[in-house]
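Everything below concerns the one structure shown next.
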Amino acid sequence: ANLGAMSFAAASLVGDSGRVISFEPHPDNLYHFYRGLSANSARNVTIYPFALSDREATFSLFGTSNGYLKFDEGGKKACTFI
């Protein structure tokens, strides 16, 4: 979701009868996203404060707003999302 720009645009497109579901794990981005929810009166947007994956795992968050997630499996880098 990052800061919410695409989520707020989607909310406008789907209108009051639609729903936008967003996911953002970075605390700084969440802060700005929540502020945007209030400023845009976006009642049809739900934000979840975590990332999604195809399996259960623990990731580390690196960097700032446009950071990345990564995890190591047995000392070998198994997956990086940028």
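Scanning segment 28-63 for residues that are among the polar types (S, T, N, Q), under 13 Å from the mean Cα position of the chain (by Cα) and modelled with pLDDT under 85 yields a count of 1. Applying the criterion of being under 18 Å from F8 (Cα atoms) and of a type in the set (V, I, T) to the residues of segment 42-59, the residue that is surrounded by the fewest Cβ atoms within 10 Å (Cβ to Cβ) is T46.
Scanning segment 1-49 for residues that are part of a helix (DSSP H, G or I) and among the charged types (D, E, K, R) yields a total of 2.
Give the residues of segment 38-61 that are aromatic (F, W, Y) and under 21 Å from S7 (Cα atoms), sorted by residue number. Selection gives Y48, F50. Screening A11 on (1) in contact with a helix residue (DSSP H, G or I) (Cβ under 9 Å, 6 or more places away or on another chain); (2) open to solvent by 20 Å² or more (accessible area, probe 1.4 Å) shows it passes everything except condition (2). Would you check which residues across segment 14-41 are buried (at least 18 other Cβ atoms within 10 Å of the Cβ) and either of a type in the set (S, T, N, Q) or without any contact (Cβ under 8 Å) to a residue 12 or more places away in the chain (or both) and list them? Correct list: S22, N29.
The values are calculated or read from the model by the stated rules, or taken from the named source; none is laboratory data. Keep in mind it's a predicted model, so treat the numbers as computed, not measured. As a convention, Cβ positions derive from the backbone with ideal geometry for all residues, glycine included, and neighbour counts pool all protein chains shown. Surface accessibility is based on the protein's heavy atoms, side chains included, excluding ligands, DNA and RNA. Shrake-Rupley method; radii C 1.70, N 1.55, O 1.52, S 1.80 Å.
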